[in-house]
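*Asks:* One structure, pasted below without further comment.
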Amino acid sequence: MLIRGAEIAGTGPLDVRIEGDRITEITPALPRVDGELTLDADGGALLPGLHDHHIHLFALAAAEQSVRCGPPEVCNVDALARALEHANVRDEWIRGVGYHESVAGELDRTQLDAWLADRPLRIQHRSGALWLLNSAGVERLGLDRGADAHGIERDARGRATGRLYRLDDWLRERLEAKDPPNLDAVSRRLADRGVTGLTDATATNDTEALSALVAAVDSGALRQRIPRNRAWRRQAIARRTRAAGLRGFRGGDRDGSSLGSKRRDPLRHAYRAGARVRGIRGRGPAGG
């Protein structure tokens with residue numbers, strides 16, 4: 001790519017050539033190479049990629065597939081009722097996000113039933129600390145049939161009100177959550193806004209979430225750079241050695257030279273990611 005006429009650190013206009021993921025030339029005037037994509041900056045400032053230092057990727061991706069239930073999209077009772085009525089149903093549940101009391105006050109199962117009674121509904125408060133369920137959702141989770149946890153609000157008779165406090169993990173287990181949401185759309189939207197790096201700050205991330213992030217990077221669904229700590233490197237190594245058809249390492253072949261390219265290349269990728277390879281034990285006819 002050739003960017004023409006950009007301001008860089010107060011200097012310009014300058015032309016910038018990018019090859020792959022590297023800036024290779026910056027001068028006042030660069031000749032265009034045949035087939036090169038050209039972008040006219042028109043004197044605009046050219047900035048380094050932005051880094052979002054506090055983001056919750058999977059929650060953001062899930063929110064993209066949910067019904068907006070709070071400001072600015074939904075600001076009153078009628079708007080909330082319409083949003084739930086016209087919800088794009090993806091599975092058994094309708095999932096809402098972003099609710100705030102300014103829309104319709106403090107909600108419980110009774111109010112939610114008035115708007116939607118025929119299928120399970122769960123709405124997350126914008127604080128992230130509270131889930132609101134209608135009666136179909138309460139029934140689906142068995143809250144009046146013995147299922148219980150600290151954080152499930154009940155009335156004086158012991159009946160679940162539909163308000164669940166800080167029970168994300170419990171709810172995920174009860175719902176038998178499927179694979180994490182695809183990050184492709186979120187990553188594209190962030191890239192469109194100049195975000196090239198991310199720090200996922202989700203406190204409940206575990207090895208499964210980390211493995212899903214590694215997979216998203218490997219597949220190209222997640223385009224942004226993510227800081228690599230030791231846990232990340234371990235997950236990357238484990239994933240890539242599995243992709244290579246390897247179960248472990250033992251003495252002898254240190255660089256995978258005796259393997260075919262389908263196994264050798266992912267192994268070398270893992271080695272560059274930080275693996276300490278002492279040798280290789282293959283799987284199947286090629287490895288014994």
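Matching residues to (1) touching a Pro at 6+ places or on another chain (Cβ under 7 Å); (2) of a type outside the set (Lys, Arg); (3) without any contact (Cβ under 8 Å) to a residue 24 or more places away in the chain:
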residue	(1), (2), (3)
Arg68	no, no, no
Pro72	no, yes, yes
Cys75	no, yes, no
Ser102	yes, yes, no
Asp113	no, yes, yes
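Matching residues to (1) over 18 Å from Arg223 (Cα atoms); (2) open to solvent by 30 Å² or more (accessible area, probe 1.4 Å); (3) β-branched (Val, Ile, Thr); (4) over 27 Å from the mean Cα position of the chain (by Cα):
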position	(1), (2), (3), (4)
Thr11	yes, yes, yes, yes
Asp15	yes, no, no, yes
Pro31	yes, yes, no, yes
Glu36	yes, no, no, yes
Ala59	no, yes, no, no
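*Asks:* Residues being loosely packed, with under 12 Cβ neighbours inside 10 Å and at negative phi: count how many of those fall in the stretch 149-168. Steps first, answer last, please.
*Replies:* Looking only at the stretch 149-168, we keep the residues that are loosely packed, with under 12 Cβ neighbours inside 10 Å, and these are 150, 155-158.
Okay, now just the ones that are also at negative phi, so 150, 155-157.
Number satisfying all stated conditions: 4.
*Asks:* Another one. Quick check on Gly137: is it more than 23 Å from Val103 (Cα to Cα) and not basic (Lys, Arg)?
*Replies:* Working: more than 23 Å from Val103 (Cα to Cα): no; not basic (Lys, Arg): yes.
Criteria not met by Gly137.
*Asks:* Also: Checking Ser102 against (1) of a type in the set (Ser, Thr, Tyr); (2) within 19 Å of Ala136 (Cβ to Cβ); (3) modelled with pLDDT of 95 or more, only one condition comes out false. Which one?
*Replies:* With respect to (1) of a type in the set (Ser, Thr, Tyr); (2) within 19 Å of Ala136 (Cβ to Cβ); (3) modelled with pLDDT of 95 or more, Ser102 is out only on (2).
*Asks:* For the stretch 216-236, which positions are modelled with pLDDT under 90 and open to solvent by less than 30 Å² (accessible area, probe 1.4 Å)?
*Replies:* Step one: of the stretch 216-236, the residues modelled with pLDDT under 90 are 218, 226-236.
Passing the criteria: Ile226, Trp232, Ala236.
Condition check ((1) modelled with pLDDT under 95; (2) outside any helix (DSSP H, G or I); (3) among the hydroxyl-bearing types (Ser, Thr, Tyr); (4) surrounded by fewer than 13 Cβ atoms within 10 Å (Cβ to Cβ)) across all residues:
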{"position": "Leu132", "(1), (2), (3), (4)": "no, yes, no, no"}
{"position": "Val138", "(1), (2), (3), (4)": "no, no, no, no"}
{"position": "Leu143", "(1), (2), (3), (4)": "no, yes, no, no"}
{"position": "Gly146", "(1), (2), (3), (4)": "yes, yes, no, yes"}
{"position": "Asp179", "(1), (2), (3), (4)": "yes, yes, no, yes"}
{"position": "Asn182", "(1), (2), (3), (4)": "yes, yes, no, no"}
{"position": "Thr202", "(1), (2), (3), (4)": "yes, yes, yes, no"}
{"position": "Asn205", "(1), (2), (3), (4)": "yes, yes, no, no"}
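*Asks:* Does Val138 satisfy the criteria of being under 30 Å from Pro48 (Cα atoms) and of a type in the set (Val, Ile, Thr)?
*Replies:* Details: under 30 Å from Pro48 (Cα atoms): no; of a type in the set (Val, Ile, Thr): yes.
In short, no.
*Asks:* Further, regarding this structure: What about Leu50, is it open to solvent by 70 Å² or more (accessible area, probe 1.4 Å), hydrophobic (A, V, I, L, M, F, W, C) and touching a Gly at 6+ places or on another chain (Cβ under 8 Å)? It would help to see each step written out before you state the result.
*Replies:* Numbers: open to solvent by 70 Å² or more (accessible area, probe 1.4 Å): yes; hydrophobic (A, V, I, L, M, F, W, C): yes; touching a Gly at 6+ places or on another chain (Cβ under 8 Å): yes.
In short, yes.
The values are calculated or read from the model by the stated rules, or taken from the named source; none is laboratory data. Computed from a predicted structure; not experimentally measured. As a convention, Cβ positions derive from the backbone with ideal geometry for all residues, glycine included, and neighbour counts pool all protein chains shown. With ligands, DNA and RNA removed, areas are computed over all heavy atoms of the protein, side chains included. Shrake-Rupley method; radii C 1.70, N 1.55, O 1.52, S 1.80 Å.
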